[in-house]
Every structure is written in C-alpha cells, then in structure tokens.
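Shown next, in structure tokens, is the structure this report addresses.
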Amino acid sequence: MLKKIIVLSLLLLVTSLVASEVSSNSNSTAQSLKKKKTLSGKNLVVFVSNGDLQVAGMGFGIALSGVKQGANVTIVIGANAIQYALKEGEQNIYFAKGRTPRALIQDAIKQGATVQMCSANTDEMNLDEDDFVDGVKTVISTQIFAKVFEKETRIISF
C-alpha cells in the first residue's frame, strides 16, 4: 500500500512539473509572437506568377504574414497567377491558410500591402483594374523595377 502511495505521489509530482513546463513554454511562445513586429520599416516584394494553387497560395500567405509583422509589402502578380486576383470566378482553398488566394490578397490589402498587376499580362488577357479585387493596381514594368531596387528590399518569387 505504501508503495502505491509513493508511486502515485511521484506520478502527480511529475505530471505537475510537466504541466508547469508546458504552460511556461506556451507563455514564452505567446510573448515572443507578440514581440515579433520586428519587420517595421523593412521592404518585401513578393512576385507571384505561378498558377498552381499551392505555390501561389504560399506566396500570398507569406506576403500576408509579412505585412502583419509590419513590413512594407508589395505583391506583384503576373502570368498564370493573375486568375487569383480576379473579382469573379470559383477558387479552391489554399489548405495552409484555409482561405482562397483571393481572400488572402484582400486580407493583405486590408493590412496595408500594395498589390500590383503586371500590365503586359493584363493587356494580353484583355483585363483592366475593374476586373480585379478592390485595391489591385495595374502597373508597368518600370514601376515594378523601382520598387525592387529600393534600398534594403527583399524579394521572394513564387
């Protein structure tokens, strides 16, 4: 009987220590996430031209995460990815974020990102700004290049 009491007491002690450690780690993780607004003032240009849902979704998701962390984000959409910025049309859900690419683009715009459409692609597809979600701007290549060559700009391409 005494052995059972000792074993149970040790189990309770270990369980309480593990629970305390997990709670401590959760709090420090939450605190570090709150502190990670360290991208303020940083420039990020995300090029999304791949029409594959998972590839494009990853690009839009990273752009959204960057703007949420305070970065000055510009999303440049071209080629086959243009379909994701259209106002109309069915879209599948990008699994990692649980949203459509269109919704990710709209969220990024609401958070302060700039979204630019390559005019060469829109001209070729007979599209204009009215065809795209609100906030998407059609630009020429020199405007894209100007953004890319800003000081301390990071570029990611999908």
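The values are calculated or read from the model by the stated rules, or taken from the named source; none is laboratory data. Not measured: the values here are computed from a predicted model. A quick note on method: Cβ atoms are made from the backbone with ideal geometry, for glycine too, and the neighbour counts reach across all protein chains shown.
Before moving on, here are some points about what is shown:
Residue by residue, here is whether (1) touching an Asp or Glu at 6+ places or on another chain (Cβ under 7 Å); (2) part of a strand (DSSP E or B) holds:
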{"site": "Gly59", "(1), (2)": "no, no"}
{"site": "Leu64", "(1), (2)": "yes, no"}
{"site": "Val67", "(1), (2)": "no, no"}
{"site": "Gly70", "(1), (2)": "no, no"}
{"site": "Gln83", "(1), (2)": "no, no"}
{"site": "Glu88", "(1), (2)": "no, no"}
{"site": "Lys97", "(1), (2)": "no, no"}
{"site": "Val115", "(1), (2)": "no, yes"}
{"site": "Ala120", "(1), (2)": "no, no"}
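- When Gly112, Gly98, Gly135, Gly70 are checked against the criterion of being free of Cβ contacts under 8 Å to residues at least 12 places away in the same chain and on the phi > 0 side of the Ramachandran plot, Gly98 stands alone in meeting it.
- Residue check, Lys110 out of contact with any strand residue (DSSP E or B) (no Cβ under 6 Å at 6 or more places or on another chain), assigned to a helix (DSSP H, G or I) and basic (Lys, Arg): yes
- From the list Asn121, Asn43, Asn50, the lone residue that is in contact with a Gly (Cβ under 6 Å, 6 or more places away or on another chain), surrounded by 15 or more Cβ atoms within 10 Å (Cβ to Cβ) and either in contact (Cβ under 8 Å) with a residue 60 or more places away in the chain or polar (S, T, N, Q) (or both) is Asn121.
- Checking Val55, Val76 one by one, the residue that is of a type in the set (A, V, I, L, M, F, W, C) and either in a helix (DSSP H, G or I) or surrounded by fewer than 18 Cβ atoms within 10 Å (Cβ to Cβ) (or both) is Val55 and no other.
- Residue match in segment 119-127 (condition: at pLDDT 95 or above, within 18 Å of the chain's Cα centre (by Cα) and within 22 Å of Leu53 (Cβ to Cβ)): no
- Considering residues of segment 94-113 that are among the charged types (D, E, K, R) and crowded, with 17+ Cβ neighbours inside 10 Å only, the residue modelled with the lowest pLDDT: Lys97
- Residue in segment 132-147 that is at pLDDT 95 or above, surrounded by 18 or more Cβ atoms within 10 Å (Cβ to Cβ) and not β-branched (Val, Ile, Thr) present: yes
- Residue check, Gln116 in contact with a Ser or Thr (Cβ under 7 Å, 6 or more places away or on another chain), at pLDDT 95 or above and not hydrophobic (A, V, I, L, M, F, W, C): yes
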